[in-house]
2 protein chains.
Amino acid sequence: MDKRNYTNHLTCNEIKIDDPFWNKVIGTVRENMIPYQYLALQDKIESAEKSYCIENFKKAAEIVRQLKNGQVPQTYPVDKWHYDESNTDDKAFHGWVFQDSDVYKWIEAVGYSLINHPDNELEDKAKQYIDLICSAQLENGYLDTLYIINDRSKIFTNLKDHHELYCFGHMALGAISFYNATSDRKLLDASCRFADLICETFDKNKNEGYPGHELAEKALIKLYEVTGCGRYLDTAMFFIDQRGQKPFYFDRERGVETSGEDYRYNQAHMPVREQKEATGHAVRGVYLYSAMAQAAKIRSDESLYKACKNIWENIAEKKLYITGGIGANADGESFSFDYDLPNDLAYAETCASVGLIAFARDMSEIEINSKYHDVAELALYNTVLSGMASDGKSFFYVNPLETDPVACECDSRKRHVKPVRQKWFSCACCPPNIAKIFSSLNEYICTQNDSTFFINQYIGCDINSQMADIKIISDYTNSGKISLNINVKKPFTLALRIPSWCNNFSISGNYKESGGYAYIQIDSDCKIDIAFDIKIRLIKCSNLVRDNIGKVAVTRGPIVYCMEEADNGKNLHLLRLSDNSALKYQDGFILADGKRERPEQELYSDYTESKYDNCKIKFIPYYQWANRGSNEMSVYIRI
Amino acid sequence: MDKRNYTNHLTCNEIKIDDPFWNKVIGTVRENMIPYQYLALQDKIESAEKSYCIENFKKAAEIVRQLKNGQVPQTYPVDKWHYDESNTDDKAFHGWVFQDSDVYKWIEAVGYSLINHPDNELEDKAKQYIDLICSAQLENGYLDTLYIINDRSKIFTNLKDHHELYCFGHMALGAISFYNATSDRKLLDASCRFADLICETFDKNKNEGYPGHELAEKALIKLYEVTGCGRYLDTAMFFIDQRGQKPFYFDRERGVETSGEDYRYNQAHMPVREQKEATGHAVRGVYLYSAMAQAAKIRSDESLYKACKNIWENIAEKKLYITGGIGANADGESFSFDYDLPNDLAYAETCASVGLIAFARDMSEIEINSKYHDVAELALYNTVLSGMASDGKSFFYVNPLETDPVACECDSRKRHVKPVRQKWFSCACCPPNIAKIFSSLNEYICTQNDSTFFINQYIGCDINSQMADIKIISDYTNSGKISLNINVKKPFTLALRIPSWCNNFSISGNYKESGGYAYIQIDSDCKIDIAFDIKIRLIKCSNLVRDNIGKVAVTRGPIVYCMEEADNGKNLHLLRLSDNSALKYQDGFILADGKRERPEQELYSDYTESKYDNCKIKFIPYYQWANRGSNEMSVYIRI
């Protein structure tokens, strides 16, 4: 592989966000969401579903204490994905197999938040959790409360369906974040002990298994980067390359012989280097693809990169909602087939878009092309932002592009689609992932290599890099205008992403365009003004997407808009834009001249042209929907 | 209740079909389908799913023998809907809880077929089955092989989920059909013994239960009509009126207390006289509604009729596919909410349309209005006829209005939708129901009361009624022309249904129009010529049906047409009719001038008007689809 001109992203320590759009979001996460989730982990949120998280760690710590005292704790079955309180002994594990990960994700979010906004009280709360977590770790480094509580003898015997390696992944990522924020090594050391056990256990000559739910790969790579310990990278590569090899490990584990088709769900139906299509459970998928891209970069592994690129293109060109959502199929929370992007049945899990943003950045660090950040931007400003209510206290798991509360209530095919955000899920993967990405948003803004500094997202911030101190003052989502104040430390090339939504822009200074970036040579302190012409656009979807034929979506800059019943009345599908509708942006909304088809009660009748009444149509940003109670919503409108 | 001018339908003994359109269908049923199903019941069809039907009766007969000898047979659990061969003792019951009903439905179809077409060999085969069935009956009259084989002590303890009363219903209906054809009372007597047991068991002061899957109501009413035994009618009325009363019987049976919302599936969430909406499992629904209508007529029960009428209107005006399909939701095989009629996710079970045809006729016998037969006609010529392949050897259970084989294969949300008919289902309710309705089609043609003779379906036939001998010569589906040769026995009024699809017609002779019928006084022998102007129509669906907005369906007379990939290539959704397309009927097909939108690969782009190429579009009758292998199909087309 030719040595590519790899880039690296800046970390939270090098960049501080100060942005009129994002300050509020990040503030909500810090002030409301992180404290709220702290209580949720302890099941102290009234009327929210129980998480059992802290309860499980306490039970596991008690088991560890008993084991140290030579006692033989009772065992319970480890045969399910979810352990219901009502059916189980009070001392047994409760909740989902991956319940531990919620605590780790909260710690990861806290770590990022502390870097940006030190808070002794919050740090102490996290340390109390970390003390509890570490007291639940077995002497050999193993830590998964399900198996510690219920049956130590069955550890690592169900990699396909259970989440020990996934929980390890979140443990390590939480530990690294907290260590970066506080220099406190306690959880990091514990994670390394668990990682050491994993490296000893999984190996070509010992246990040839790999995670059923990917994440350990990314965590091991990051642990390698933090500690410099090469075996962590080796084991990550082992997991990546072992995946999908024949005979299938999951077959051996289950004692069956299959075609491997079922392991498509786990992206383990064929070796990853041969995979050309995004398939299976979408969150698992993007976690794997992200790890593959990171490994391809570290190891300069061209064939691994090619696989990533094929999969990326399949997602971006055939499986991506206009909102940056992925994973169209609720069944298996999975990628559907090419061009199958139903609006009302969409799954489009918030976590999957969080993972997609990371995969995009990882790809961009190998190949300089603005398209990766275009997709990340879509996901960030739409699906991910939509995942959280404006008060940070309720959340979407599923992000449909069209909802009708009647259908959500009456139609069991849409039981995954909720017309209002929920307080907290017992299966709470999304809320802590939202807290985490907004707390670590700094790390998605810029990348750099030896000679060039890339600005990928136009979020107002203060940057302290080796090349320069840069202040970004951004009015990106409003006027499309950005100013950069640059204090040069050494001459460099500045690369400014030209968003794919922008056909017309001005940049003060001489620039050359390439790969979606404007390149400017910076030799001395300067101020650069950028003006992206931000217009209302009508976007059509490929007519191979059956749901959207004859329709358009309304966008402005990175923001996708939608209609809500609260503004436009019931039966949004009866509304229609004319080709030359006047559209006007005003106070964050878009107003359009449109037509409303008169409702026809008669079920079947001879075809006559429909009758329309003129009307005004109001569009709000998609991420703001469902903040005014249960009502109809639609992104697409007929034209 | 005012004494209504009730009508009665003619039976198979009074009317013989001879029709160019239907002879072939009925011949296929008699020559291919009935022999094929005879083998399927014995699991002698290679590569078809096993039915276990005859096997179960043999096992039950052996148990009855043992019981008579004072032996105590082993017991097995009765805790499931389906009993898998691989998980169960070889002596236990196999298959679905309602497996017995397939045999009874076959006998019912055979009975009707024998009336129309005597066949000693077939009669003997049926008698052998009847001997086997009777040898499996308990001494007290009970007969359900699941409980006889697996656990006699649990009889009638799970009315909600199990199908003892449903199987009784099919047993009695089969027995009556066979008795009418052959005068052989053996199965009829056995059914009466079972009915006697049911009448003794279920009663206000004893067991207040009622069937989880309705049908016993209809069967008891028909047994009452055949035998004159009033307690059968009384028990049918008890089942009807007990249904949905509080406290819920199903709650008591299960030992729980619920809101009854779950019993919506069984139409048992509220008393039937209060129900205004078609809800729950569609087949169960129409079997209940049909029984309610029959009971309302026999008892001149106005409030029961009102409930039927409300439910009918809800179906016909808000829950009916243009193909006469009902039950839009695959989950629970159930009616969905008003105007929810998805094309590609449709369930629209063949059996439900068979049941709807009966319900329509029952309603028409209370209220003279052609609308009932309009709906029956739609269901008959489209959904029901589509249920059978042209060779009578493969069947549709689910009748979608749009299919894409890729989606059927890749999208688990559409796993119920098959792009080709299947050989035989282990859950084989539909094929024998198809055989039954085509074999008994005679009974759906005419109704009469003291003064008036109604022709409701224009199927060629020879009628021998008390008023006249009438020969109907029909070219209905082709030219819309029908001739009647009438030999009068006593003066009467002839009522000819004017199909709702026809705006223009001529009838030789003086007539008055009322309620969708043309009334003609017949005093002497005569010939009447009818010409319904049969035109190609473009039908639009209410724009409250979200799936069909901006689309039309093409129909001609009672036949709904569709496009297939075999004629029109892939991506049928890219085709479009212009408002003034020339449409031409030719050799049973319809040809239209249309446009094909050029496929756009790019997932998202700025809106521009789509580009079209002119093309010819070919439509075939919906009932003929999927006879040329797996391919795309669509009823609706954009306009």
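The values are calculated or read from the model by the stated rules, or taken from the named source; none is laboratory data. Since the model is a prediction, treat every value here as computed from it, not as a measurement. With ideal geometry, Cβ positions are generated from the backbone for all residues, glycine too; neighbour counts draw on all protein chains shown.
From the list B:223, B:188, B:165, B:233, the one residue that fits, being closer than 30 Å to residue B:89 by Cα and either at pLDDT 95 or above or of a type in the set (Lys, Arg) (or both), is B:165. Of all positions in the range B:172-191, none carries a residue that is of a type in the set (S, T, N, Q), in contact with a His (Cβ under 6 Å, 6 or more places away or on another chain) and in contact (Cβ under 8 Å) with a residue 60 or more places away in the chain.
Select from the range B:106-163 the residues that are of a type in the set (Ser, Thr, Tyr) and closer than 24 Å to residue B:354 by Cα and list them in ascending order. Across the range B:106-163, the qualifying residues are B:112, B:113. Please work out if residue A:637 is among the hydrophobic types (A, V, I, L, M, F, W, C), out of contact with any helix residue (DSSP H, G or I) (no Cβ under 7 Å at 6 or more places or on another chain) and more than 28 Å from residue B:541 (Cα to Cα). In short, no. The helices (runs of 4 or more DSSP H) found entirely in the range B:366-439 that carry 1 or more residues being without any contact (Cβ under 8 Å) to a residue 40 or more places away in the chain and more than 24 Å from residue B:554 (Cα to Cα) are B:405-410.
Does residue A:283 satisfy the condition of being β-branched (Val, Ile, Thr), in contact with a Cys (Cβ under 8 Å, 6 or more places away or on another chain) and modelled with pLDDT of 95 or more? So that I can check it myself, show each step before the final result.
On the way: β-branched (Val, Ile, Thr): yes; in contact with a Cys (Cβ under 8 Å, 6 or more places away or on another chain): yes; modelled with pLDDT of 95 or more: yes.
Yes; evaluated as a whole, the condition is true for this residue.
Against the conditions (1) in contact with a Gly (Cβ under 8 Å, 6 or more places away or on another chain); (2) not in a helix (DSSP H, G or I), residue B:352 satisfies every one except (2).
Only residues that are among the basic types (Lys, Arg) and within 29 Å of residue A:79 (Cα to Cα): list them for the range A:140-193, please.
Within the range A:140-193, A:152, A:154, A:160, A:193 meet the criteria.
The criterion of at least 3 residues that are aromatic (Phe, Trp, Tyr) is met, among helices (runs of 4 or more DSSP H) falling completely within the range B:99-154, by B:100-116.
Of all residues in the range A:298-333, those that are touching a residue at least 40 places away in the same chain (Cβ under 8 Å), within 14 Å of chain B (Cβ to nearest Cβ) and among the charged types (D, E, K, R) total 2.
The set of residues from the range A:471-497 being surrounded by fewer than 23 Cβ atoms within 10 Å (Cβ to Cβ), among the β-branched types (Val, Ile, Thr) and within 22 Å of residue A:369 (Cα to Cα) comprises A:477, A:482, A:493.
Yes/no per residue for (1) of a type in the set (D, E, K, R); (2) over 37 Å from the mean Cα position of the chain (by Cα):
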site	(1), (2)
B:594	no, no
B:597	yes, yes
B:602	yes, yes
B:611	yes, yes
B:622	no, no
B:628	yes, no
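Select from the range B:410-437 the residues that are out of contact with any helix residue (DSSP H, G or I) (no Cβ under 8 Å at 6 or more places or on another chain), closer than 26 Å to residue A:338 by Cα and modelled with pLDDT under 75 and list them in ascending order. B:412 - this is the single residue of the range B:410-437 that is out of contact with any helix residue (DSSP H, G or I) (no Cβ under 8 Å at 6 or more places or on another chain), closer than 26 Å to residue A:338 by Cα and modelled with pLDDT under 75. The set of residues in the range B:42-72 that are without any contact (Cβ under 8 Å) to a residue 12 or more places away in the chain and touching a His at 6+ places or on another chain (Cβ under 8 Å) is empty.
How about the range A:274-297: which of its residues are in a loop (DSSP other than H, G, I, E, B) and within 14 Å of chain B (Cβ to nearest Cβ)? Hits for the range A:274-297 are A:277, A:278, A:279, A:280.
Scanning the range B:334-348 for residues that are in contact with a strand residue (DSSP E or B) (Cβ under 7 Å, 6 or more places away or on another chain), assigned to a loop (DSSP other than H, G, I, E, B) and at the interface with chain A (Cβ under 9 Å from one of its Cβ atoms), we see that the one that is modelled with the highest pLDDT is B:336.
Restricting the range A:365-380 to residues that are buried (at least 24 other Cβ atoms within 10 Å of the Cβ) and more than 14 Å from every other protein chain (Cβ to nearest Cβ) leaves a set whose member that is farthest from residue A:304 (Cα to Cα) is A:380.
Regarding residue A:536, is this residue more than 21 Å from residue A:494 (Cβ to Cβ) and either within 14 Å of chain B (Cβ to nearest Cβ) or modelled with pLDDT of 95 or more (or both)? It would help to see each step written out before you state the result.
Numbers: more than 21 Å from residue A:494 (Cβ to Cβ): yes; either within 14 Å of chain B (Cβ to nearest Cβ) or modelled with pLDDT of 95 or more (or both): yes.
Yes; evaluated as a whole, the condition is true for this residue.
For the range B:39-77, how many residues meet the condition of being assigned to a loop (DSSP other than H, G, I, E, B) and under 29 Å from the mean Cα position of the chain (by Cα)? Let's see the steps before the verdict.
Pass one, the range B:39-77, residues assigned to a loop (DSSP other than H, G, I, E, B): B:42-52, B:69-77.
From the residues that got through so far, the ones that are under 29 Å from the mean Cα position of the chain (by Cα) too are B:42-52.
Going through the range B:39-77 one residue at a time, the tally reaches 11.
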